[in-house]
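*Asks:* The structure that follows is given in the form of structure tokens.
The values are calculated or read from the model by the stated rules, or taken from the named source; none is laboratory data. These numbers were taken from a predicted model, which means no experiment stands behind them. Positions of Cβ are generated from backbone atoms using ideal geometry, with glycine treated the same way; all protein chains shown enter the neighbour counts. Remember, those area values only see protein heavy atoms, side chains included, never the ligands or the DNA or RNA. Shrake-Rupley method; radii C 1.70, N 1.55, O 1.52, S 1.80 Å.
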Amino acid sequence: DNFDLSAYTLGTFSTYYREFQKISWWLLQHGKIHANKEQHLFQQGIPTLLWAKIARRLEILKPTHHPEDPYDVKDVYKAGNWHLKGTDTSVGIPRIKGILPVPTQPQVANNTVLTDSYIKKEDVMITAS
């Protein structure tokens, strides 16, 4: 699995959860799938490296859960949120090596405020507010 776990954030995970819920709700309401299948599909959609971390968290929280049964979607979502806490909550931000999203308006060395959305990290001197 060549997935870059650092690119997967709380924002992208939350978007995956919401989009999955929209589709699975309809499928469940119309008898197209059962809850067990919904749970299994949700888990399959999570990148392997992230799933391993979520599964370890769930094993701790639910020690009596049978390992062959899928976890409840809400429990997986909560465990994913726990693991991804502190990561970016926005979605759709490109992750290009050497370029960082700007959460606030940083200042360059001459105290000029930068207003572009993305700047090279070498050009920024973060100052304490």
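*Asks:* Suppose every K and R has +1 on its Cβ and every D and E has -1 on its Cβ; what is the size of the dipole of segment 1-86 about the Cα centre, in Debye to the nearest 20?
*Replies:* My answer is approximately 260 debye.
*Asks:* Just the accessible area for W26, please: 1.4 Å probe, Å², rounded to the nearest 10?
*Replies:* Here the accessible area works out near 120 Å².
*Asks:* In the neighborhood of G31, defined by Cβ-to-Cβ distances under 14 Å, what is the net charge if each Lys or Arg adds +1 and each Asp or Glu adds -1? Please report the intermediate quantities before stating the final value.
*Replies:* On the way: positive: K32, K37; negative: E38.
The answer is +1.
*Asks:* Same structure, new question: For segment 22-69, count all C-alpha to C-alpha pairs, find those more than 12 Å apart, and express that count as a whole percent of the total.
*Replies:* Cα-Cα pairs of segment 22-69 separated by over 12 Å account for 69 percent.
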